């Protein structure tokens with residue numbers, strides 16, 4: 001097996017300074033399968049790129065993609081296009097779900113499954129109360145409208161079969177929009193991605209993983225209840241859009 005790990009990066013200076021890349025390097029050090037780690041930077045405006053370059057200097061298997069700013073989906077797509085693995089793991093830079101949790105996902109790749117996704121459950125550690133309530137409401141509404149068999153679509157720790165991911169990811173609605181991205185755009189593209197995989201005939205396995213909010217990245221500056229309410233409106237809008245697209249038959253071509 002050859003595994004590609006894609007870690008999107010946007011203003012992750014604080015997370016990088018606390019040694020997240022060391023955790024990733026340590027995990028893969030003695031693995032018997034072949035692997036590569038692609039850090040796909042989305043035009044960071046802080047010292048992220050310099051810190052990544054320093055952290056992976058003379059380290060075999062790691063590489064940095066320096067992209068123009070376009071949003072998380074763009075950073076991921078660029079990483080996916082450059083990946084060489086039979087399987088692709090998407091993991092967040094903050095390592096709120098530690099890279100070691102991959103051990104829980106790997107046993108399922110031998111089965112006929114297109115995606116093995118991490119699940120945080122509905123009770124999340126280190127979350128303010130309004131986010132905990134919002135997570136429950138979000139999951140309930142989403143499951144009533146789409147992907148009823150999945151508890152958590154938003155965990156940033158997912159393992160995919162590469163061939164399916166490369167066919168489906170570019171078809172996301174995000175890439176059809178001409179809206180200019182500013183900042184680390186928050187979308188529920190995960191919902192549409194998983195829905196498209198289902199439409200493609202792929203099976204999805206959800207596996208409980210450890211998750212503890214450790215994100216201290218610059219992209220979260222100014223976060224709070226007001227920002228969360230705005231993000232929630234956008235995410236609910238995305239769910240409704242995917243549902244309407246499905247009812248209109250727009251995904252049948254996939």
Is it true that residue 44 is modelled with pLDDT under 95 and either within 22 Å of residue 188 (Cα to Cα) or in a helix (DSSP H, G or I) (or both)?
no
Assess whether residue 186 counts as being surrounded by fewer than 20 Cβ atoms within 10 Å (Cβ to Cβ), in contact with a helix residue (DSSP H, G or I) (Cβ under 8 Å, 6 or more places away or on another chain), at pLDDT below 90 and not in a loop (DSSP other than H, G, I, E, B).
no
With respect to residue 52, is the statement that it is surrounded by 15 or more Cβ atoms within 10 Å (Cβ to Cβ) and closer than 17 Å to residue 156 by Cβ true?
no
Considering the stretch 12-38 alone, what residues qualify as being under 18 Å from the mean Cα position of the chain (by Cα) and more than 13 Å from residue 95 (Cα to Cα)?
36, 37, 38
Go through 64, 102 for me and flag whichever is at pLDDT 95 or above, assigned to a helix (DSSP H, G or I) and touching a helix residue (DSSP H, G or I) at 6+ places or on another chain (Cβ under 9 Å).
102
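The values are calculated or read from the model by the stated rules, or taken from the named source; none is laboratory data. Bear in mind the structure is a predicted one, so any value in this text is a computation, not a measurement. Virtual Cβ from ideal backbone geometry, glycine too; neighbours counted across all protein chains shown.
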